[in-house]
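Data first, discussion second: the structure below is written as structure tokens.
The values are calculated or read from the model by the stated rules, or taken from the named source; none is laboratory data. Source: prediction; values computed, not measured. Virtual Cβ from ideal backbone geometry, glycine too; neighbours counted across all protein chains shown. Quick note on the areas: whole protein, heavy atoms, side chains included, nothing else; ligands and nucleic acids left out. Shrake-Rupley method; radii C 1.70, N 1.55, O 1.52, S 1.80 Å.
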Amino acid sequence: MSEIHAIDGNTLTEIYRNFYLARRFEEILSDMFRRGEIDGWLHSGIGQELVGSILGVALTSQDYIVPYHRSKATFLSRGVPPHALIAEILGRQSGLCGGVGGEAHAADVSRGIFGSTGVIGAGFPLALGAAFKQFYQATEGIAVCGFGDGATTRGSFHECMNLAALWNLPLVFICENNLYSEMTPLRKEMKETRIAKKADAYGMPGVAVDGYDLDTTYRALQEAFVRARSGQGPSLVEVKTYRWHGHYEGDPEEYRDKGEVDSWQKRDPLPVLRQRIQDEGILDAFNLDQSEKDIEELLSQAVASAKASPFPTRENLLINVYAQEGSM
Ligand SMILES: Cc1ncc(C[n+]2csc(CCOP(=O)(O)OP(=O)(O)O)c2C)c(N)n1
């Protein structure tokens, strides 16, 4: 994909499929958490699935992705089997990382997805390295880095923006600005809240888009990808979006108004996209229903298979762990 084009019918359908899968995945996981079936944290990306759903169609298999803790839609749209992601979140052996990474450290290198990390801002240097590899080996691939607004306050963001621009790397920084860093609103975490503007300081383009509008989000991402792919260097895309659930499942959410949540939910791009697919005669209601039923079936099998998988054994726990001999 080396040029910018309008979204065709097949692409719309694929984005819808990715989006529906991610939405139901988030809902099912959230219900499981509420029933006490998930230990530890769960950071829902519900409400923010559009970006990840687009990435699955707008990137190529040569591209690298450095996701973050809300990137479940990205994993799924990239083709990660839902059962492997659920099993990882449940800490089971059949998980993407054998159940030892968990939600925060899920990775799938075979699909070019480097690890998300529990350390905010730690993904930037990984993405910089991935983009450097693409550049150094003169591949046709690029790298993209997903992160939240809070991560832009870390030093690693600024250092990597600087180097990516200086070295003209094929790297696209994608900030999912959901207005909060944990429980802190944007205006209390930074003086300059126009995140896209921060790109100016490093000499790269920065654009802010409404993350609930498919066309503008798709176009901005595509422009940044084409730019990176054609040797013109990095860009920053700020996607204004919103998470419908708390920072973590179980968060009492005392820091925001219910009205604010409602106003974003009313703009949910998922039914809008469904309606558009019908209005443009791409698929009728029957076919859409069928495709949704297939996804429901896939997810219920995924949950059953993940739950049936055993926990890692004591020996498995040390696989892939870097340890000095004699220290463990
Ligand atoms: C270095 C570091 N500091 C603090 C935390 C605790 N923490 C976990 S998620 C998070 C919020 C990050 O906000 P943002 O980047 O906007 O992403 P969001 O969770 O809003 O999607 C924080 C502060 C952490 N994990 N790592």
Positive-pole candidate from Ala196, Cys97, Ile86, dipole of region 82-241, charges at beta carbon: Ala196
Highest-fluctuation residue, Val261, Val144, Val226 considered, GNM on the chain with Cα pairs under 10 Å: Val261
Percentage relative contact order, region 1-147, counting C-alpha pairs under 8 Å, at least six apart: 22
Descending semi-axes in whole angstrom, ellipsoid equivalent of region 187-328, from the Cα gyration tensor: 33, 30, 22
Probe 1.4 Å, all protein chains present, accessible-area order of Thr13, Thr216, Thr152, largest first: Thr216, Thr13, Thr152
Non-local Lys pairs in region 9-308, i.e. 8 or more apart or on different chains, that have alpha carbons under 19 Å apart: 11
Solvent-accessible area, 1.4 Å probe, carbon plus sulfur percent, for the chain: 52
Inter-label distance for Lys191 and Gln232, nm, one decimal - labels placed 7 Å from Cα along Cα-to-Cβ: 3.2
Choice from Asp257, Asp215, Asp149 with maximal GNM fluctuation in the chain (Cα, 10 Å cutoff): Asp257
Shape of region 9-308, Cα gyration tensor, a/c cut at 1.5: rounded
Simple spin-label estimate for Glu315 and Gln137 in nanometres, 7 Å along Cα-Cβ: 3.2
Neighbourhood net charge (14 Å Cβ-Cβ; Lys/Arg +1, Asp/Glu -1) for Gln278: -3
Candidates Gly56, Gly45, Gly129: whichever shows maximal mean-square fluctuation once the chain is modelled as a Gaussian network with Cα springs under 10 Å: Gly129
Cβ-based charge dipole, the chain, positive-most Cα from Gly211, Ala302, Met32: Gly211
Contact order normalised by residue count of region 9-308, Cα under 8 Å, 6+ apart, percent: 21
Whole-number accessible area per residue in Å² for the chain, which is evaluated in the context of all protein chains at 1.4 Å: 46
Percent of beta bridges antiparallel (DSSP, region 172-328, rounded to nearest 5): 15
Net length gained if the chain between Glu296 and Glu27 were fully extended (0.36 nm per residue, minus Cα distance): 95.7 nm
Cα-centred dipole magnitude for the chain, charges only on beta-carbon of K, R (+1) and D, E (-1), debye, nearest 20: 620
Area accessible to solvent at Asp108, 1.4 Å probe radius, in Å²: 10
Antiparallel %, DSSP beta bridges [both residues in region 9-308], to 5: 10
Furthest towards positive pole of dipole, Phe225, Trp167, Leu126, structure part the chain, Cβ charges: Trp167
222 nm mean residue ellipticity, helices alone, for the chain (DSSP H n ≥ 4; -39,500 (n - 2.57); rounded to 500): -13500 deg cm²/dmol
At R0 = 22 Å, FRET efficiency that the Cβ-Cβ distance of Ala304 and Val119 yields, to 0.05: 0.10
Loop GluC sites (Glu not before Pro), region 177-231, which have at most 15 other Cβ atoms in a 10 Å radius of their Cβ (DSSP): Glu182, Glu192
Within-14-Å neighbourhood charge of Phe114 [Cβ basis; K, R +1; D, E -1]: +1
Within-10-Å neighbourhood charge of Gln134 [Cβ basis; K, R +1; D, E -1]: 0
